[in-house]
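The values are calculated or read from the model by the stated rules, or taken from the named source; none is laboratory data. None of these values were measured; they are calculated from a predicted model. Cβ placement follows ideal geometry from the backbone for every residue including glycine, while neighbour counts extend to all protein chains displayed. Ligands, DNA and RNA are excluded from the accessible area calculation, which covers all protein heavy atoms including side chains. Shrake-Rupley method; radii C 1.70, N 1.55, O 1.52, S 1.80 Å.
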Amino acid sequence: MALSREQIAQRIAKELRDGYYVNLGIGIPTLVANYIPQGMEVMFQSENGILGMGEFPTEDKVDPDLINAGKQTVTVVKGAAFFSSADSFAMIRGGHVDLTVLGAFEVDQTGALASWMIPGKLVKGMGGAMDLVAGADNIIVAMSHASKDGASKILKKCSLPLTGVDCVKLVVTDLAVLRLEGGKFHLLERAPGVSVEEIRRLTEADLVVPAHVPEMTFHS
Amino acid sequence: MSGFNKVVKTYDEALAGLRDNMFLMVGGFGLCGIPENLIKKVHDLSVKGLTIASNNAGVDGFGLGILLEKKQVKKMISSYVGENALFEKQVLSGELELELTPQGTLAEKIRAAGAGIPGFFTATGYGTMVADGKDIKMFNGRPYVLEPAFPKADFALVKAWKADTFGNLIFRKTAANFNPMIATAGKITVVEVEEIVEAGELDPNFIHVPGIFVDRLIKGTFEKRIEQRTVKK
C-alpha cells in the first residue's frame, strides 16, 4: 500500500533531532508537526517572521497580527521570537535552519527540484521556496512518487521550471525513501507491501537497489 | 511639523506629492501588517501607472486588490500572488506586468536599497529562470547570482504598531514582516500606526526602526482583515 499523506509526514518526523530549528512547507510538510517524537524539543520557523510557531488558536485567541507563511492564524510556543522578513531569510540563506521539509512536483538525479510552476497554468510565484532550497544543507522533499497515470516524478532530468539546483538529498514519497548520492538515487526503504519492482517501474532516474530494502513500519 | 515631530493629521498630508507612474513599496505579508488606510488613500487619489514592490497583491476588495480594481497599477513586484482573482485576469490579459522575485531576495533588495548597497550576491535562484541574464560569480566554489537592489521608493508605505512622535517604531508579532526594511527604503517613508505616544515614552532599548528613516507618521484605525481564519477544533 502506498503511504497516506499522514504516513509520509510520520516517516519524515523520524528525521527530526532534539534542538532542531525546522521550516515546514505548505501541504504534507505541515503535517510533520503532528509527529514530533516524545521527549524531543523542536522549534518551527515560519518565514514570515516566527521562530517557535505553535498550533492553530482557539477562537478566542485568534490574532490578525499572528499568521504563518500560509496566511493561516497560528499561535506561538514558549520562548518564541518574532522578526522581519530580512532577518528571517538571513536565517534561511545563512544556513541556520537545521532542516527544511518541502513539497515538489519533480526531483532529478542532478539534485534539481521543481516545485513552483507548471507552464500553461497560472504562475502564482515561488514565495520563499527558492531561498529555502538554496540555503539549507538538510532538505527533505515530500512528494508523490508518480502521477496518477504512472508517470515518474523521480527523474533523470526535471521537465518543469526549476526551484533550485544541487539541493535534493533525501526524498520521501508515498512509495519509498530515497537518498541522492553520487548522481543516483539509492532506495533505502519501501512502503509496506510495495515491491522493489514497482518502485523500479515508477522511477525514471538511475536507482541503486541494495540486496535488502526494509519496509517502513508505522505505529498507529 | 516642527523639529523631529513627524506626525501629520490627515491622509492627504500623509500622501502629499504622490503622482502617476511612481514607484511604491508597500509593507505586509498577505493581509497581515498592511498599511490598509494608506492603500485606501492611494485608491481615492486615483493615481495611475504605479509600480509596486510588495510581497503579495492583496485580495479582491481589500489591500492592494483595490488598486488593481481601478487599474492603478502598471507593474507588481512580488513573491507570491495566488490569492487574487482579478490579479490573475489582469496578468493574463497583459494589462498588468508581474515580476516574480524570491521572497528572501525581495526582502534583501529592499533592505539593500535602504542601506545604500547597490547589489548583492545570493545563491537563491541560481540555475532557475530567476537568474536568466544575471551575472554569476563563484565564491568558495559555489555559484551566486548578482541581484541589484531596488532604487529607493518614491513612497514607502508602512504599517507599525506603536510610534512616538519622532517616528521611532515598534511592530507587533508577524505584522512586522517586510515593514521594517520598507521603512528604510523610501525617498518619503509614510508610516501609519495604531498608537502614537510622546517622544521619550518608548524604551529606546526596544525600538525596531529608529525615527531617522521615517518622514510622516499618522494614526489610523484598522480593520485587520484575516485571510485564513484557522482555529483548533
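Structural remarks
- Estimated [θ] at 222 nm from DSSP helical runs (n ≥ 4, -39500 (n - 2.57)) normalised by residues in chain A, nearest 500: -4000 deg cm²/dmol
- The accessible surface of the protein assembly as shown, taken with every protein chain in place and a 1.4 Å probe, is 52 percent carbon and sulfur.
- Interface area, chains B and A: about 3900 Å² of buried accessible surface, summed, with a 1.4 Å probe and ligands, DNA and RNA left out.
- The stretch B:1-136: C-alpha gyration tensor shape, a/c 1.5 cut-off, then a/b vs b/c: oblate
- Summing charges over neighbours of B:Val8, with a neighbour being any other residue whose Cβ is under 14 Å away from its Cβ, gives +1 when K and R count +1 and D and E count -1.
- Interface residues, the stretch B:17-48 - accessible area loss of 40 Å² or more versus chain alone, probe 1.4 Å: B:Phe29, B:Cys32
- Descending by average beta-carbon neighbour count within 10 Å, the peptides B:169-177, A:187-195, A:4-12 line up as B:169-177, A:4-12, A:187-195, the highest first.
- If R0 is taken as 41 Å, the Cβ-Cβ distance between B:Arg229 and B:Phe139 corresponds to a FRET efficiency of 0.40.
- Entries of A:Lys121/A:Lys148; B:Lys70/B:Lys187; B:Lys70/B:Lys232; A:Lys121/B:Lys233; A:Lys124/B:Lys162 with Cα pairs more than 30 Å apart: B:Lys70/B:Lys232; A:Lys121/B:Lys233; A:Lys124/B:Lys162
- With Cα atoms, 0 to 90° folded angle of helix B:103-115 axis to chain B main axis: 60
- For chain B: relative contact order, % (alpha-carbon pairs under 8 angstrom, 6 or more apart): 23
- Karplus-derived 3J(HN,Hα) values for the stretch A:157-165, using 6.51 cos²θ - 1.76 cosθ + 1.60 with θ = phi - 60°, are 8, 4, 9, 8, x, 7, 9, x, 10 Hz; glycine and proline are entered as x.
- Average partner coverage of B:220-226, which counts Cβ from other chains inside 10 Å: 2
- Against the rule of thumb 2.2 N^0.38 Å, how large the Cα Rg of the stretch B:52-99 comes out: 0.94
- Percent RCO, i.e. relative contact order, over the stretch B:82-160, from Cα pairs under 8 Å lying at least 6 residues apart: 28
- Per-selection metrics, the stretch A:51-190 (Cα): Rg and Dmax in Å: 17.0, 52
- Counted by Cβ distance under 13 Å from B:Asp215, the other residues give a net charge of +1, where Lys and Arg count +1 and Asp and Glu count -1.
- Listing of the stretch A:74-107 residues, each with accessible area lower by at least 20 Å² in the full protein assembly than in the chain alone (probe 1.4 Å): A:Phe82, A:Ser84, A:Ser85, A:Ala86, A:Phe89, A:Arg93
- Shape parameters for chain B, alpha-carbon atoms, Rg then Dmax in Å: 17.9, 55
- Percentage relative contact order, the stretch A:34-125, counting C-alpha pairs under 8 Å, at least six apart: 20
- Share of alpha-carbon pairs per 20 Å distance bin for the protein assembly as shown, given as whole %: 25, 54, 20, 2, 0
- Counting only lysines at least 8 places from A:Lys78 when in the same chain, those with an alpha carbon closer than 17 Å to its own are A:Lys61, B:Lys173.
- For chain B, excluding the exposed loop sites themselves (GluC sites (Glu not before Pro), DSSP loop, at most 15 other Cβ atoms within 10 Å), the longest remaining stretch covers B:96-197.
- Bridge type composition, the stretch A:128-220 - antiparallel percent by DSSP, nearest 5: 60
- Legend: mean number of C-beta atoms from other chains within 10 angstrom of residue C-beta atoms, peptide B:164-177, equals 5.
- Accessible surface for the stretch B:156-233, divided over its residues, is 45 Å² per residue with a 1.4 Å probe.
- Its Cα centre serving as origin, the stretch A:45-183 has a Cβ charge dipole (Lys and Arg +1, Asp and Glu -1) of approximately 460 debye.
- Leading residue at positive end of dipole, chain B (Cβ point charges), from B:Ala185, B:Phe29, B:Ile196: B:Phe29
- Interface residues, the stretch A:125-156 - accessible area loss of 20 Å² or more versus chain alone, probe 1.4 Å: A:Gly125, A:Met126, A:Gly127, A:Met130, A:Asp131, A:Ala134
- For the stretch B:94-196, the C-alpha radius of gyration divided by 2.2 N^0.38 Å, with N the number of residues, is 1.27.
- Taking label points 7 Å from Cα along the Cα-to-Cβ direction, B:Ala85 and B:Arg19 give a separation of 3.8 nm.
- Where chain A is the region considered: accessible area per residue in Å², 1.4 Å probe: 44
- Averaged over its residues, the stretch B:23-94 has an accessible area of 29 Å² per residue, based on protein heavy atoms and a 1.4 Å probe.
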